[in-house]
Amino acid sequence: MRMKKKRHGGERLNLLSSLVCSDIENLVENKDEIFKNSNPLRIEIGCGKGDFIREKSKVEKDYNYLAIEKISDVCVVAVEKYAQSRNLGSLAPNGGWKKSDSTIVPLGSDPVDFSGEDLGNVRFAVGDAAEMLAKLPDSSIDAIFINFCDPWDKKGYEKRRLTYISFLELYSRILTKKGKIYFKTDNRDLFDFSLEQFEKSPLDVVYSTNDLHASDMNGANIETEYERNFTAKGFKINMLIAENNK
């Protein structure tokens, strides 16, 4: 279901633009300045409302994360939830951003000024993931997370799937040696298709399951909102881990 358009979404995102990366081409080069550390960089493609990336960044703190979301009205929710989880404030009742000291920054104001350390280890980006990833240098990303992407199940749409061979070759280029892809989906047809595509790629599948929540990997699994909803309806979750051996 398409998310309802967010009122003043663009202005709200602008207020928190210190959490949004607009210069993807220079992200890796400027990583130490952006994140205030030199930790390895990981990427989530299609972060949705950000439940996964918020929890992942707490559990594995020794990594930096870029969460990409194509739809701006979805990304603004993820950014606001992340900012709130970092105790940076909350959405003001009548618009704008309410800082942790209760100061209200109205819509249309300059971006809220946060100190670099307060921003934590996640940044967000709005746009097409393939276009963004194509701008990244070779061997610059530690891991890629793809959670419940669009299956593009209409005939002739296979090339749009994020696990199609052309995407896998792109991931292989930007991943470090032994860098990993973590892929989850409730769509068995997409999962089986993906396994076939990985066989053709420089990425080796080192783990796969058709029932993640009954597997030995479930203890370390971080659920997305989508995953919780569909698991409650009885859907089984398919999951694989692939390693870059280019």
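Values for this structure:
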{"quantity": "3 or more residues of a type outside the set (Gly, Ala, Ser) and surrounded by fewer than 19 Cβ atoms within 10 Å (Cβ to Cβ): qualifying helices (runs of 4 or more DSSP H) within the range 9-83", "calculated": "51-59"}
{"quantity": "Matching option when the condition is part of a helix (DSSP H, G or I), of a type in the set (A, V, I, L, M, F, W, C) and more than 29 Å from Ser139 (Cα to Cα), among Phe198, Phe230, Phe235, Phe193", "calculated": "Phe230"}
{"quantity": "Any hit, the range 169-190, residues being in a loop (DSSP other than H, G, I, E, B), touching a strand residue (DSSP E or B) at 6+ places or on another chain (Cβ under 8 Å), of a type in the set (D, E, K, R) and farther than 30 Å from Lys36 by Cα", "calculated": "yes"}
{"quantity": "Some residue of the range 196-205 being over 23 Å from Gly50 (Cα atoms), surrounded by fewer than 18 Cβ atoms within 10 Å (Cβ to Cβ), under 20 Å from the mean Cα position of the chain (by Cα) and β-branched (Val, Ile, Thr)", "calculated": "no"}
{"quantity": "In the range 206-227, residue nearest to Phe52 (Cα to Cα) [restricted to those that are without any contact (Cβ under 8 Å) to a residue 40 or more places away in the chain and part of a loop (DSSP other than H, G, I, E, B)]", "calculated": "Asn221"}
{"quantity": "Residue list for the range 101-131, restricted to those being surrounded by 12 or more Cβ atoms within 10 Å (Cβ to Cβ) and not in a loop (DSSP other than H, G, I, E, B)", "calculated": "Ile104, Val105, Gly116, Asp118, Leu119, Val122, Arg123, Phe124, Ala125, Val126, Ala129, Ala130"}
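Every read-out reported here was derived from the displayed coordinates using simple, explicitly stated rules and does not represent laboratory data. Because the structure is predicted, anything quoted here is derived from the model rather than measured. For neighbour counting, all protein chains shown are included, and Cβ atoms are generated from backbone atoms with ideal geometry for every residue, glycine included.
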